[in-house]
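This report refers to the structure that appears directly beneath it.
The values are calculated or read from the model by the stated rules, or taken from the named source; none is laboratory data. All of these numbers come straight from a predicted model, not from anything done at the bench. Neighbour counts run over all protein chains shown; Cβ positions are idealised from the backbone, glycine included. The area values use the complete protein model at the heavy-atom level, side chains included, leaving out ligands, DNA and RNA. Shrake-Rupley method; radii C 1.70, N 1.55, O 1.52, S 1.80 Å.
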Amino acid sequence: MATEIPYSEIVSWSDEALNDELLATKMKLTKLRFNHAITPLENTNVLGETKKHIARIQTELKKRQLSKQA
């Protein structure tokens, strides 16, 4: 990911936007892993950044799910 999206911006997204972004980011990570296996990436930090972005989205979705249960 070229630019990191701050968590404060992720919090303002709707549930549907979060799910769409999660799906797109997971797909991007899969493609990056395949590309890295075939030819090494110039910047391997992008793999870690993408995984962290997925974790941030999943954290916000879980937080919203738990707040609805309470």
Problem set entry | Members of the stretch 22-70 found to be in contact with a Leu (Cβ under 8 Å, 6 or more places away or on another chain), closer than 23 Å to residue 9 by Cβ and open to solvent by 50 Å² or more (accessible area, probe 1.4 Å), listed by number | 51, 58
Problem set entry | Lone unmet requirement of (1) open to solvent by 80 Å² or more (accessible area, probe 1.4 Å); (2) assigned to a helix (DSSP H, G or I); (3) charged (D, E, K, R) for residue 4 | (2)
Exercise. Looking only at the stretch 7-48, which residues are of a type in the set (Gly, Ala, Ser) and either assigned to a helix (DSSP H, G or I) or in contact with an Asp or Glu (Cβ under 9 Å, 6 or more places away or on another chain) (or both)?
Worked result: 8, 17, 24, 37, 48
Exercise. Tally time: how many residues in the stretch 13-36 are touching a residue at least 24 places away in the same chain (Cβ under 8 Å) and over 17 Å from residue 52 (Cβ atoms)?
Worked result: 2
For this session: Quick one: which residue in 51, 62 is at pLDDT 95 or above, in contact with a helix residue (DSSP H, G or I) (Cβ under 8 Å, 6 or more places away or on another chain) and assigned to a helix (DSSP H, G or I)?
Result: 51
Problem set entry | Selection from the stretch 18-48 of residues that are within 22 Å of residue 6 (Cα to Cα) and out of contact with any helix residue (DSSP H, G or I) (no Cβ under 8 Å at 6 or more places or on another chain) | 20, 23, 24, 27, 43, 45, 48
